[in-house]
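In what follows, a structure is listed as structure tokens, so that the remarks can point back to it.
The values are calculated or read from the model by the stated rules, or taken from the named source; none is laboratory data. Note that the structure is predicted; figures quoted are calculated from it, not measured. Reconstructed Cβ throughout: ideal geometry from the backbone, glycine too, with neighbour counts over all protein chains shown. Heavy atoms of the whole protein, side chains included, go into the accessibility calculation; ligands, DNA and RNA do not. Shrake-Rupley method; radii C 1.70, N 1.55, O 1.52, S 1.80 Å.
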Amino acid sequence: MKFLIVFVALFALAVARPNEVQTIRSESDVLPDKWSSALETSDGTSIDQQGVLKDVGTEHEAAVVHGSFSWVDEKTGEKFTVTYVADENGYQPQGAHLPVAPVA
């Protein structure tokens, strides 16, 4: 559910931009036990994700999603990328620009 909220928020951000951004690539493939989607726009924004159901038919059934999203800062031209895993352990983002907790 958290993943869906993040995905929708990023997609809305990409769509609501005031400049004339064009969709370069938009793909999706949805099957009963796995799915993938990709979106790329002319301003350098991209979203890719792949998901799969694991432990289907058990009480431990869960979705596991691997993906990434990227954008380019309009002022600096710097590209930022976040890769993530969303599974039964929660949403786990990683990116060079994200803060990391100190080692205990």
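Things worth noting here:
- Computed with a 1.4 Å probe over protein heavy atoms only, the accessible area of residue 42 comes to about 70 Å².
- Cleavage-rule hits (GluC sites (Glu not before Pro)) in region 39-83: DSSP loop, at most 15 neighbouring Cβ within 10 angstrom: 59, 61, 74, 78
- Three-way shape call for region 45-104 based on the alpha-carbon gyration tensor, with the a/c threshold at 1.5: oblate
- Dipole check for region 32-104: with +1 at the C-beta of Lys and Arg, -1 at the C-beta of Asp and Glu, and the Cα centre as origin, the magnitude is about 180 Debye.
- In this simple spin-label approximation, residue 81 and residue 66 carry label points 7 Å from Cα along the Cα→Cβ vector, and these lie 1.4 nm apart.
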